Amino acid sequence: MRAEKQNISAEYITRLNASPYFIVVDYQGLKVGPITELRKRLLKAGAELHVVKNSIFRIAAKEAGVADLTGALAGQIAIVTGKQDVSAAAKALKTFSSEFDKPKLKFGYLNNQRIENKELIMLADLPSLEVLRGTLLGMLNTPATSLVRILNTPASQLARVLQAKADKG
């Protein structure tokens with residue numbers, strides 16, 4: 001392999017090792033303007049899009065410890081990687097794809113587990129991480145609030161009875 005290809009392969013290996021996930025998309029038919037727009041949207045979601053050559057990426061994926069991708073990489077592909085929430089990147093891809101009919105989600109890997117197209121769409125439909133955290137905190141907070149209310153009820157009733165007695169007398 002030529003030195004340039006080795007450098008590019010090493011860069012992909014570094015990206016794959018730094019990211020807990022990657023998503024493979026078929027970008028065939030997308031022009032420069034829409035790809036730039038997609039990159040901006042993915043950047044807001046904490047992800048990056050890189051157009052890759054299949055043979056070089058296949059070697060890089062093998063070096064990074066991802067399962068053998070022989071046959072899975074065909075056509076014009078781009079790889080989405082990131083260090084944050086995979087559902088945010090999947091949501092950005094799904095939204096963009098619904099507007100432009102491209103790129104097509106092929107598959108992805110999350111923590112070295114292959115994710116198919118349907119599973120990526122399910123990830124995209126999940127609420128954001130902040131919303132999920134808020135919901136969980138609300139669920140955890142509700143029993144504590146109810147417990148405090150129950151514990152305070154007898155004392156507040158006693159206080160009302162005493163206040164009523166004091167108002168009469």
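What follows is calculated from the coordinates using simple rules that are stated; it is not laboratory data. This structure is a prediction, so every number in the text was calculated from the model and none was measured. Don't worry about glycine lacking a Cβ; one is built from the backbone with ideal geometry, like all the others, and counts go over all protein chains shown.
Brief remarks on what is shown
- Charge dipole of the chain about the Cα centre (unit charges at C-beta), most positive-ward option of GLN157, ILE23, ALA74: GLN157
- Kirkwood-Stokes translational diffusion coefficient of the stretch 10-54, alpha-carbon pairs, 37 °C, 0.692 mPa s, µm²/s: 279 µm²/s
- Comparing mean-square fluctuations of VAL86, VAL32, VAL52 from a GNM of the chain with C-alpha springs under 10 Å, the top value falls on VAL32.
- Fluctuation leader among SER55, SER146, SER87 - the chain, Gaussian network, Cα springs under 10 angstrom: SER146
- Within straight-line cross-link reach of LYS31, lysines at Cα separation under 27 Å, skipping those fewer than 8 residues along the same chain: LYS5, LYS40, LYS44, LYS53, LYS83, LYS91, LYS94, LYS102, LYS104, LYS106, LYS118
- The stretch 13-120, relative contact order [Cα under 8 Å, separation at least 6], %: 42 percent
- Counting only Cβ charges, +1 for Lys and Arg and -1 for Asp and Glu, the dipole size of the chain around its Cα centre is about 300 debye.
- Computed with the Debye formula from one identical point scatterer per Cα of the stretch 127-169, without solvent, the log10 of I(q)/I(0) at q = 0.21, 0.24 Å⁻¹ comes to -0.71, -0.78.
- Helix 32-44 axis, angle to the chain major axis (alpha carbon atoms, nearest 10°): 40 degrees
- Peptide ranges 99-105, 155-161 listed from the most packed, as the mean C-beta count within 10 angstrom indicates: 99-105, 155-161
- For the options THR135, THR81, THR145, a Gaussian network treatment of the chain with springs between C-alpha atoms closer than 10 Å singles out THR145 as fluctuating the most.
- Calculated translational diffusion coefficient of the stretch 1-89 (4 °C, 1.567 mPa s; Stokes-Einstein with Kirkwood radius over alpha-carbon pairs) equals 96 µm²/s.
- Net charge dipole, the stretch 1-44: roughly 160 debye, given to the nearest 20, about the Cα centre with Cβ charges of +1 for Lys and Arg and -1 for Asp and Glu.
- As computed over the chain, the Cα convex hull volume per residue (Å³): 165 Å³
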